[in-house]
């Protein structure tokens with residue numbers, strides 16, 4: 001049977017969450033489609049299957065492009081993608097992230113024979129950082145997103161925000177991020193037999209939105225050498241956070257590993273995963289921590305953690321307090337007092353560590369790659 005042609009459009013294949021999702025979906029897509037992966041800029045962090053035809057529109061690094069250069073790129077990308085869809089007879093175009101989504105909306109005006117599907121990966125209202133970006137988003141989203149055939153995101157909260165605050169009214173679906181179950185992971189038994197040292201880990205870009213500083217403040221509150229903390233990821237705040245750890249007198253307990261290729265090589269060595277973000281779309285890092293059997297503590301930010309840790313059932317969390325949710329522990333945003341209490345609670349309760357280790361693995365299996373891919377395939381072909 002002849003395979004249909006499908007393209008995936010995104011900015012780069014760097015180390016972000018959307019790119020991780022693409023890298024996983026590609027493993028299944030190549031079985032059912034002839035796949036073209038189209039990047040705006042030549043940055044590749046994740047492995048790409050050899051069966052995928054990689055197309056890169058610009059060899060220039062995106063971070064080195066100025067405002068006028070990026071506008072010129074935008075025009076060129078629209079033109080080039082329109083041509084690619086036509087010459088390759090693409091049946092399904094899947095775009096990830098706002099910039100590619102807008103390109104897809106424009107190109108859809110000229111390509112009526114291709115189904116244009118777009119994907120929003122972050123909580124839109126929280127991703128707006130200025131009045132100008134708010135104006136652009138309020139104008140561009142309804143104008144260009146609504147030109148596409150359908151949209152999927154990774155959270156019910158994202159879809160609600162798009163509809164209510166940005167006027168997006170095309171068919172929308174929630175398709176959660178997939179995970180490949182690891183073969184090596186922490187088990188409840190290892191927690192019951194663990195010693196008193198407690199190793200905490202987080203993963204993600206070292207930027208304001210991820211708020212790793214809250215974890216540093218929590219360690220200072222605990223004031224115990226029993227607790228150590230590792231950060232996987234890099235970003236513009238790395239130096240400032242290293243200095244913060246030093247000023248708090250906890251630098252001997254904190255390690256910044258920088259960007260790592262294989263997060264899974266680190267996770268089984270730790271006792272607890274902490275997500276400290278102010279906002280998320282769907283936190284891949286939290287899901288990875290769960291898949292490796294780590295008890296998880298997360299801020300109850302929009303969006304993702306409540307869906308993952310409590311099946312989206314609302315919780316009420318007092319200041320300085322934490323809630324034992326079904327699959328992990330939830331705290332309020334930027335509440336280092338609550339985080340310190342939750343960390344001490346887990347460290348002193350091996351039975352709770354074992355329980356949440358079991359529940360983390362159980363919940364992560366709901367996001368198995370094959371299950372999510374079947375939902376994704378059904379959605380794009382419907």
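Rule-based calculations on the coordinates, nothing more; no lab input. Predicted model only: the values in this text are computed from it and were never measured. Note: ideal-geometry Cβ built from the backbone for every residue, glycine included; neighbour counts use all protein chains shown.
For residue 252 and residue 221, a Förster radius of 22 Å and the Cβ-Cβ distance give a FRET efficiency of 0.85, rounded to the nearest 0.05. Relative contact order of the chain: 14 percent, from C-alpha pairs under 8 Å at least 6 residues apart in sequence. Summary value for the range 4-174: 19 percent relative contact order, contacts being C-alpha pairs under 8 angstrom separated by 6+ residues.
Which shape class applies to the range 4-174: rounded if a/c is under 1.5, otherwise prolate when a/b exceeds b/c and oblate if not, where a ≥ b ≥ c are the square roots of the Cα gyration tensor eigenvalues? The shape class here is rounded.
Model label sites at residue 352 and residue 86, defined 7 Å from Cα along the beta-carbon direction, differ in position by 6.3 nm. Label zone of residue 311 (point 7 Å out along Cα→Cβ, amide N under 20 Å): in the range 159-201 this covers 174-177.
Using the Cα gyration tensor of the chain, with a ≥ b ≥ c the square roots of its eigenvalues, what is the shape: rounded (a/c below 1.5), prolate (a/b larger than b/c) or oblate (neither)?
Prolate, since a/c reaches 1.5 and a/b exceeds b/c.
Using a 10 angstrom cutoff on alpha carbons, build the Gaussian network for the chain and name the most mobile of 68, 77, 46. Among 68, 77, 46, the largest GNM mean-square fluctuation belongs to 68. The overall shape of the range 188-366 is rounded: from the C-alpha gyration tensor, with semi-axes ordered a ≥ b ≥ c, the ratio a/c is less than 1.5. What whole-number distance in Å separates the alpha-carbon centres of the range 111-150 and the range 171-214? If we compute the Cα centre of each part, the gap is 30 Å.
Pairs of Cα atoms nearer than 8 Å and 6+ residues apart set the relative contact order; for the range 188-366 it is 25 percent. Only beta bridges with both residues in the chain are counted; by DSSP, about 10 percent of them are antiparallel.
Potential lengthening of the chain between residue 71 and residue 378 amounts to 107.0 nm, from the contour at 0.36 nm per residue minus the alpha-carbon distance. Using the Cβ-Cβ distance between residue 53 and residue 139 with R0 set to 45 Å, the FRET efficiency works out to roughly 0.85. Arranged from fewest to most other beta-carbon atoms within 10 Å of their beta carbon, 73, 251 become 251, 73.
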